[in-house]
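Reviewing the structure listed below.
The values are calculated or read from the model by the stated rules, or taken from the named source; none is laboratory data. None of the values given here were measured: they were computed from a predicted structure. Every residue, glycine among them, receives a Cβ derived from its backbone with ideal geometry; neighbour counts consider all protein chains shown. These area figures cover heavy atoms from the full protein model, side chains too; ligands, DNA and RNA do not enter into them. Shrake-Rupley method; radii C 1.70, N 1.55, O 1.52, S 1.80 Å.
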Amino acid sequence: LSVTMLLGLCGISFALLTAVPLGVMAAIRPNSLIDRIALFLSVAGQALPSFWFGLILIVVFAIKLQWLPVSGSGSWQHFIMPTIVLGYYAMPAIMRLTRAGMLEVLNSDYIRTARAKGLGPTRTVFGHGLRNAMLPLTTIVALDFGALFSGALITETMFGYLGMGKLIYD
């Protein structure tokens, strides 16, 4: 259980650390290049099955480039590919929800008031906007954390982890 919990925490952390900044940047500059990149990553994250994405990572980073180990759970390097696979599964929903929440918040009256009072764009976006846009995000993160355990079954089997997912599979 400890390996599966650690893998789930690493996966949700990776998803949050990549999806929230991409969602905020996409909301600050709608219809820009970063918005298109975030949209592409979101659609690709929903369309690409996690086992296929894991196999692509194994072929590229473990077999071709030989940067990372293929299987096992001995060192921190063994956690990189499974963390990316699990996090990429949760990223699209978090990114879209962050973008939509930020677009709604940035057009609200209190943001206009903060800008009129002379607050800088960084403090306005992160201090006032992101705090209020994160409220619905807590719900989706809690639901995604539970869904990551079902994804851990495939990921742990694919990467040779000895966790709850592998135990359930066996």
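Table for the structure above
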| read-out | value |
| --- | --- |
| Subset tally (residues that are open to solvent by less than 60 Å² (accessible area, probe 1.4 Å) and either of a type in the set (Lys, Arg) or touching a residue at least 60 places away in the same chain (Cβ under 8 Å) (or both)) for the stretch 15-34 | 10 |
| Residues of the stretch 143-163 satisfying the condition of being under 19 Å from residue 70 (Cα atoms), hydrophobic (A, V, I, L, M, F, W, C) and assigned to a helix (DSSP H, G or I) | 152, 153, 154, 158, 159 |
| Tally of residues being in contact with a helix residue (DSSP H, G or I) (Cβ under 8 Å, 6 or more places away or on another chain), at pLDDT 80 or above and over 11 Å from residue 101 (Cβ atoms) across the stretch 127-144 | 1 |
| Selection from the stretch 66-91 of residues that are open to solvent by less than 10 Å² (accessible area, probe 1.4 Å) and either without any contact (Cβ under 8 Å) to a residue 60 or more places away in the chain or closer than 18 Å to residue 162 by Cβ (or both) | 81, 82, 85, 86 |
| Pick from the stretch 118-170, criterion free of Cβ contacts under 8 Å to residues at least 60 places away in the same chain and among the charged types (D, E, K, R), ranking: nearest to residue 78 (Cα to Cα) | 166 |
| Hits in the stretch 115-170 (condition: under 16 Å from residue 15 (Cβ atoms) and among the β-branched types (Val, Ile, Thr)) | 138, 139, 140, 141, 155 |
